[in-house]
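Reviewing the structure listed below.
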Amino acid sequence: MGVRVKFASGIKLVPASLRLPEDPSVMTAPVAFSLLECLRKLDHNDDLIATLRSKLARKWMKTNAGYRSPDKCLLFGPQWNFILQPEDGPFIDENFYGSNIGSYKKELKSLGVVVEIGDGCSLLADYLNSHSSSITITRIYKYLSKFNWEPTKEEPRNIWLPNGDNDGEWVNSDDCVLHDKSGFFGLQLLSLEKHYDKELFSFFSKLGVKSNPSLDDFYKLWKSWEDVGRSLSQSECQTFWEFIVKHWSSRTENFLSENLSKLPVGSGLKEILMLDKRDVFIADDLYLKDLFEQSSSHPLFVWYPQPSLPSLPRQKLLEIWQNWCS
């Protein structure tokens with residue numbers, strides 16, 4: 001009558017007639033193994049394997065991240081142990097299926113499951129935001145770094161900023177910097193060297209994190225000091241103008257002229273005042289400068305480091321002050 005009575009011939013009917021249940025919890029471990037065994041028996045029959053794979057491209061595999069389609073799953077194995085833990089990503093739940101699931105590595109791979117350690121970067125990166133443990137996130141960062149993962153242009157470039165082992169927040173990579181040697185940028189930039197080992201710095205650079213504060217960051221810093229109208233320490237003023245001198249260019253000159261309005265003024269005390277550039281004198285004659293200072297109780301002249309510093313040549317600062325105020 002045409003009924004298939006032998007397994008070898010009947011197995012070919014399975015791919016076309018297969019229907020997965022809407023509720024993935026119905027897919028018990030024995031059912032899953034039956035499907036994998038069926039796939040194993042279809043070895044070398046590419047058309048039937050493709051049909052079965054298409055039918056199984058839905059959420060039915062139980063992972064540590066819930067039920068997922070096979071192409072969104074990872075198979076944990078001995079090679080993963082040296083860097084990751086099963087709970088770090090959407091690994092197939094071995095507690096549910098049993099350790100025997102690893103013997104179907106070839107069949108799982110044919111369904112789209114990631115079985116090789118170097119191929120799981122995208123899935124683990126996508127799963128990062130579900131974590132809040134700094135230890136776990138650092139492990140995943142080290143894994144992604146080891147296998148040279150880089151985000152696409154469309155993917156968000158967020159960095160985990162720890163606050164203890166199990167707390168923290170996700171921040172944009174544009175708001176981070178690897179180093180803040182001066183310590184002055186704490187209110188506008190987040191320094192990663194306080195939270196991560198140097199081995200991850202090259203990885204963070206791929207995510208768009210700057211090594212040090214940029215020229216624009218220094219501009220914003222000075223503008224914030226202008227806005228609050230506070231006095232500066234010698235160290236703050238020196239650090240800022242050392243950077244400006246080092247990166248002096250037509251762009252720097254134009255930005256100073258168009259966006260910043262206050263000059264540093266020596267007050268005779270340790271702190272440095274910030275006054276409107278229209279109210280400040282630029283001294284190019286030290287004798288006249290001394291006479292004016294003796295006859296006035298108010299700060300009049302633009303700041304110069306005392307004593308002079310090789311990193312802040314007086315002649316270069318004089319040039320900058322004059323160009324800025326002209």
Is it fair to say L221 is touching a strand residue (DSSP E or B) at 6+ places or on another chain (Cβ under 7 Å), surrounded by 19 or more Cβ atoms within 10 Å (Cβ to Cβ) and among the aliphatic types (A, V, I, L, M)? no
With the structure loaded, tell me whether L48 is surrounded by 14 or more Cβ atoms within 10 Å (Cβ to Cβ) and either polar (S, T, N, Q) or in contact with a Pro (Cβ under 8 Å, 6 or more places away or on another chain) (or both) or whether it fails that test. yes
Pick from A32, A8: which is farther than 13 Å from L108 by Cα and at pLDDT below 95? A8
Top-ranked residue in region 239-256 [being of a type outside the set (A, V, I, L, M, F, W, C) and within 11 Å of I320 (Cβ to Cβ); ranked as farthest from the chain's Cα centre (by Cα)]: E253
If I filter region 56-93 down to residues being part of a helix (DSSP H, G or I) and surrounded by fewer than 16 Cβ atoms within 10 Å (Cβ to Cβ), which single residue comes out as nearest to the chain's Cα centre (by Cα)? E87
Residues of region 169-202 classified as farther than 18 Å from K142 by Cα and of a type outside the set (D, E), total: 16
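For (1) in contact with a Gly (Cβ under 7 Å, 6 or more places away or on another chain); (2) surrounded by fewer than 16 Cβ atoms within 10 Å (Cβ to Cβ); (3) not aromatic (F, W, Y), each residue gets a yes or a no:
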site: K198; (1), (2), (3): no, yes, yes
site: F204; (1), (2), (3): no, no, no
site: V209; (1), (2), (3): no, no, yes
site: D227; (1), (2), (3): no, yes, yes
site: S231; (1), (2), (3): no, no, yes
site: N254; (1), (2), (3): no, yes, yes
site: S257; (1), (2), (3): no, yes, yes
site: V265; (1), (2), (3): no, no, yes
Report whether or not L108 is under 21 Å from G66 (Cβ atoms) and either crowded, with 19+ Cβ neighbours inside 10 Å or not assigned by TED's automatic domain parsing to the domain that holds Y219 (or both). yes
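The values are calculated or read from the model by the stated rules, or taken from the named source; none is laboratory data. What you are looking at is a predicted structure, and each value in this text was computed from that prediction instead of being measured. All Cβ positions, glycine included, derive from the backbone under ideal geometry; neighbour counts span all protein chains shown.
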